[in-house]
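Each remark here refers to the structure printed beneath this line.
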Amino acid sequence: MALQMTMQQEQSRALLPEVLATFCVFTTMLDSGGELGLRSIGLLLLVVLCWRNPTVSFKSSMLIGWLAIVMLLLPSVLRSAFNGVELTNILVWIYPFLFFPLIYIMARSSRLSERIFVNAGLCFALVIVLLFIGRITGDERLMWLNDQLTAKASGFFNQKQAFFEDAMPVVYFQGTLSLVFVSILAIGRKRYFQYFVMLLALILAPSRFGVTISILSAFVVFFVNLKTAKAQLASVLFALFALTAGVLILPNGFVEIFNHESHGSRVRIGHVNSVEDVVEADPTIALLGAGPGTSFYSSGFDEYTDNIEISQLELLRKYGAVFFAALMTFFLALIVVLWRIRRRHTACALIAQFIVATSNPVLLSSSFILFLSVALSETEDVK
């Protein structure tokens with residue numbers, strides 16, 4: 001009996017750090033912008049978890065590469081400062097680059113893993129589903145929570161015509177698209193129930209592009225893990241059949257994401273044209289960037305803005321081609337290494353995030369920076 005109690009106590013002690021780590025990742029998804037204060041609490045808990053494992057061995061090549069990339073930020077930062085942009089506004093945009101080495105060490109010390117991300121993603125997806133049900137049923141407590149989230153501008157909680165002709169409740173947190181790369185991790189780990197819950201949350205959010213990329217990426221993960229050419233051919237034929245059937249039977253609101261005449265496409269085309277105009281007016285921006293915190297007029301929004309929905313284009317505008325090329329090389333190198341060491345679902349998750357970032361400003365979100373740390377750790381752990 002005493003031995004059994006001792007074993008239960010040890011299991012409880014081993015479980016607590018994992019629960020806390022899951023909460024840390026969950027808060028970065030739920031409170032991606034930090035408006036609720038939960039993200040700060042989660043990162044603070046991550047620091048506490050680091051103290052449990054203060055000595056961590058890792059190779060420094062990738063981190064040195066990242067620090068070299070960060071140094072390329074200097075010209076654009078100086079340009080912002082010279083043009084009178086406030087320091088706090090500059091730091092808002094460059095903190096993911098500055099603090100990545102620290103976040104990486106914290107994540108590695110606290111032993112964050114893909115399993116923890118999948119568990120956190122499931123919790124986040126369940127919050128979205130629960131809030132959606134609350135909005136449908138009119139539950140007073142859930143509607144109160146919905147009002148609080150709306151008041152703090154932590155996302156979008158209104159009505160929107162997305163998939164069908166009638167408008168549906170929107171439960172769209174700023175970190176909703178983190179469910180795209182986390183759902184791919186779930187598929188890679190054969191956690192199919194978690195995957196479908198996350199996919200449901202993306203549908204209810206709603207995120208048409210996120211749903212599309214999540215489904216296509218899941219197919220890619222299945223395909224690359226098949227052992228025989230016949231199985232791969234059969235899967236390709238099935239995918240083509242499913243895609244054709246989907247285009248024919250899906251609601252117009254879903255298929256609209258592929259239409260260049262849709263509202264979303266027109267907004268993004270406006271962004272592209274406006275950035276081209278900015279670069280033509282000042283060619284030095286193409287090389288060194290306009291600087292973090294700077295604004296420009298975008299015909300996509302028909303107003304001045306300091307951030308647009310195409311993450312890659314915004315990085316190019318803010319920081320210039322030299323920095324952008326170095327950062328993309330880093331991502332590509334990490335994806336290639338992950339593919340070679342057969343962490344292909346992790347590589348697919350990174351690629352999916354990059355694709356989603358062509359339509360939403362999520363390339364360097366809080367949760368993705370944590371995930372990037374885990375992906376980098378996987379390359380370090382291979383003997």
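The values are calculated or read from the model by the stated rules, or taken from the named source; none is laboratory data. Please read all numbers here as calculations on a predicted model, not as lab measurements. So basically every Cβ, Gly included, is an ideal-geometry build from the backbone, and we count neighbours across all protein chains shown.
Here residue 335 meets each of (1) in a loop (DSSP other than H, G, I, E, B); (2) free of Cβ contacts under 8 Å to residues at least 24 places away in the same chain; (3) surrounded by 14 or more Cβ atoms within 10 Å (Cβ to Cβ) with one exception, condition (1). When the range 269-316 is filtered for residues that are over 25 Å from residue 368 (Cβ atoms), among the charged types (D, E, K, R) and assigned to a helix (DSSP H, G or I), the ones remaining, listed by number, are 276, 277, 280.
For the range 338-349, a residue qualifies if it is surrounded by fewer than 16 Cβ atoms within 10 Å (Cβ to Cβ) and either assigned to a loop (DSSP other than H, G, I, E, B) or under 16 Å from the mean Cα position of the chain (by Cα) (or both), and the qualifying residues are 341, 342.
Output the number of residues of the range 101-113 satisfying the condition of being assigned to a helix (DSSP H, G or I), surrounded by fewer than 22 Cβ atoms within 10 Å (Cβ to Cβ) and not basic (Lys, Arg).
Our first condition is that a residue be assigned to a helix (DSSP H, G or I); within the range 101-113, this holds for 101-109.
With the extra rule that they be surrounded by fewer than 22 Cβ atoms within 10 Å (Cβ to Cβ), the set shrinks to 101-103, 105-106, 108-109.
When the remaining residues are screened for being not basic (Lys, Arg), the result is 101-103, 105-106, 109.
So the answer is 6.
Taking the range 167-195 as the range and being under 17 Å from residue 32 (Cα atoms) and not in a loop (DSSP other than H, G, I, E, B) as the test, the residues that pass are 172, 173, 178, 179, 180, 181, 182.
For the range 124-135, the criterion of being within 18 Å of residue 369 (Cα to Cα) and small (Gly, Ala, Ser) is met by no residue. Evaluate the following for residue 314: is it of a type in the set (Asp, Glu) and in contact with a strand residue (DSSP E or B) (Cβ under 8 Å, 6 or more places away or on another chain)? Here the answer is no, as residue 314 does not meet what is asked. Right, residue 198: in a helix (DSSP H, G or I) and surrounded by fewer than 17 Cβ atoms within 10 Å (Cβ to Cβ) or not? Here the answer is no, as residue 198 does not meet what is asked.
Every condition in (1) within 28 Å of residue 376 (Cβ to Cβ); (2) at pLDDT below 85 is met by residue 159 except one, and the failing one is (1).
Which is closer than 16 Å to residue 209 by Cβ, of a type in the set (A, V, I, L, M), assigned to a helix (DSSP H, G or I) and in contact (Cβ under 8 Å) with a residue 60 or more places away in the chain, of 326, 352? Talk me through it step by step, then tell me what you get.
Working: 326 fails: closer than 16 Å to residue 209 by Cβ.
Only one candidate qualifies: 352.
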